[in-house]
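First up is the structure itself, then whatever we jot down about it.
Bear in mind that the values in this text are calculations on the coordinates, not laboratory data. Note that this is a predicted model, so its numbers are computed, not measured. Here the Cβ positions follow ideal geometry from the backbone for every residue, glycine too, while neighbour counts run over all protein chains shown.
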Amino acid sequence: MVSEACQTLFNYSKIGACCDDYMQDQLIILMALAEGRSQIRCRRLTSHTKTAIYVTELLLGVKFEITTLDDGCSIISCEGIGYTPKHLKSSCS
């Protein structure tokens, strides 16, 4: 089991992916809420990621860009809305 996990990590590292197939959909909402441009490199988009992108675009009005690279990897990017919770706004000013 450990050798399988290490091999999987190595394979993602070898292609320059910053996350695995199970994490990419979890990063979509964080990218949309962040300030500025966010991008991640991953393998093919999962159906969960496609759904997360669709819902996030509807809810927040952001636009994600998907670039498919020659090696089969994808770059997901978006310009975030720069969300700051109200309780942090007052303490930061």
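With 0.36 nm allotted per residue and the present C-alpha distance subtracted, the Leu30-Ile81 stretch has 17.3 nm of extension available.
Neighbours of Arg37 by Cβ distance under 11 Å: Lys/Arg scored +1, Asp/Glu scored -1, total -3. For the stretch 2-92, how big is the tail of P(r) above 23 Å, as a whole percent of Cα pairs? Result for the distance tail: 31 percent.
What does the charge dipole of the stretch 2-92 about its Cα centre add up to, to the nearest 20 debye, if the Cβ of each Lys and Arg holds +1 and the Cβ of each Asp and Glu holds -1?
260
Please report the net charge: other residues with Cβ closer than 14 Å to the Cβ of His48, K and R +1, D and E -1. Here the count lands on 0.
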